[in-house]
Amino acid sequence: MPIKRPSIMNLDQIAYYGSQDELEVILRTNYGPWTFNPNNLTLTLQNGRYEVDLEKMITSARTLDTIFQVQSKTWATPQIMFNLLQAIEDKINPQGTLCSSGIEHGPIDVLTSLTKRQVLAEQSSSGPPPPFD
């Protein structure tokens, strides 16, 4: 269910709703034909046809290599690639964790990074939202 936002928010409201959105992103498991498995940090294409291991995406190079490995498959339609990129963005946040400003920041520990984001989002989103003006 989408979060209803007021048309004008103060800074407390922006922080609250931002953390709600972040938590929804972290907990999301379906990306079109891809399914995120939080138990082993993989993305699996429908019917188990292909699996991407997010824990191997510890550097920009490895992440890019995985993306192009999938792209080379005959079944990799533009929609499948879009959904894969969306899942990678949501789970790893490559620009924030791997390559902001074009500088390599890896290797990263994907499980630790995802867990830290989830804990911070849960802490930020607890309690009722700030009242609307």
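Structure notes:
- Net charge dipole, the range 11-125: roughly 360 debye, given to the nearest 20, about the Cα centre with Cβ charges of +1 for Lys and Arg and -1 for Asp and Glu.
- The range 11-125: mean projected area of Cα convex hull, nm²: 7.7
- Contact order normalised by residue count of the range 11-125, Cα under 8 Å, 6+ apart, percent: 34
- Extension reserve of the Glu55-Thr112 stretch, reckoned as 0.36 nm per residue once the Cα distance is removed: 19.5 nm
- Those chymotrypsin sites (Phe, Trp or Tyr not before Pro) in the range 49-115 that DSSP places in a loop and that have at most 12 other beta carbons within 10 Å: Trp75
All of the numbers you see were taken from the coordinates with simple rules; none came from a lab. None of these values were measured; they are calculated from a predicted model. Cβ sites come from the backbone with ideal geometry, for glycine too, and all protein chains shown count toward neighbours.
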